[in-house]
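A.B. asks: The structure is given below, and queries will be raised subsequently.
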Amino acid sequence: ATIEKELAAAREAQRLIMPPDEGQVGGIRYAMRMRSGRYVAGDLFDVIDLGTGRVAVLLGDVAGKGIGAAILMATAQTHLNASLRVLDDPAEAVADVNRYLCSHVAQNKFISLWLGVFEPATRRMSFVDAGHGHWLVASGRSGARNIRRVDAVGGLPLGIDADYRYQTEVLILEPNDRLVVFSDGVVEQPSPDGAMFGLERAISALEPGDSESDDVRRL
């Protein structure tokens, strides 16, 4: 009972460093759901107002589960939040966190990360995909949506190579576009007979969506 009480406290502390499940930050509306496999999660998520109209959104997945992954998640999320406020280039911010993790974390621990910095006034999104890959762009309105993957250069997950040079890529979003970012726990979720949910089912689930909240609920 004592251990369960302490784990529940750890889960509550983890929720405190994450934003609310739904909301608006600057010119960005978002919705999020987190379902941890255990008491605490190894996924990190944040929406950060960087000022001058820029908003950062990030989602990452720590290798492993349990308390160790949760502590690493909190460390990476806090460090990245601070780096984004002083470094204008998303790739530089990711590289800064990567160097820190490489010098402070065991070699078998790493984090896949997707980071996007949105500029709503220009519809420009600067992003870094560090070994994550699980994201889609949904264009158009419900009933006639085009849901697609984006070909990205990408890069290594964080915590593997301290000298790795990440690259900032740019995507121009159109009116009515929505970005859907998720962890591998969605597409790798097994059915009772062992078949994985997969990307095609994820896309099918999103096709009728008519809001960011509806997209998250359906997925």
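The values are calculated or read from the model by the stated rules, or taken from the named source; none is laboratory data. Note that the coordinates shown come from a computational prediction; the quantities given were computed from them, not determined experimentally. Neighbour counts are summed over all protein chains in view; Cβ atoms, including those assigned to glycine, are modelled from backbone coordinates with ideal geometry. These accessible areas exclude ligands, DNA and RNA; they are computed on the full protein's heavy atoms, side chains included. Shrake-Rupley method; radii C 1.70, N 1.55, O 1.52, S 1.80 Å.
A.B. asks: Let me spell out the model: positive unit charges on the Cβ of Lys and Arg, negative unit charges on the Cβ of Asp and Glu, origin at the Cα centre of the chain. What dipole size does that give, in debye rounded to 20?
C.D. replies: Rounded to the nearest 20 debye, it is 300 debye.
A.B. asks: Can you give me the three principal axis dimensions of the chain from its C-alpha atoms, in Å, biggest first?
C.D. replies: 50, 44, 28
A.B. asks: Using packing as a proxy for protection, rank 154-161, 133-140 so that the peptide with the highest average count of other Cβ atoms within 10 Å comes first.
C.D. replies: 154-161, 133-140
A.B. asks: Still on this structure, please answer the following. Write down the accessible area per residue of region 80-147 in Å², having rolled a 1.4 Å probe over the full set of protein chains.
C.D. replies: So region 80-147 comes to 44 Å² accessible per residue, rounded to a whole number.
A.B. asks: Take the Cα atoms of region 88-197, find their three principal axes, and give me the spread along each one in whole Å, biggest first.
C.D. replies: Answer, in whole Å and largest first: 49, 47, 17 Å.
A.B. asks: Check Asp43: other-chain or 5+ apart residues with amide H under 5 Å from its amide H, H built from backbone geometry?
C.D. replies: Val62
A.B. asks: Ignoring any ligand, DNA or RNA, what whole percent of the accessible area of the chain comes from carbon and sulfur when the probe is 1.4 angstrom?
C.D. replies: 50
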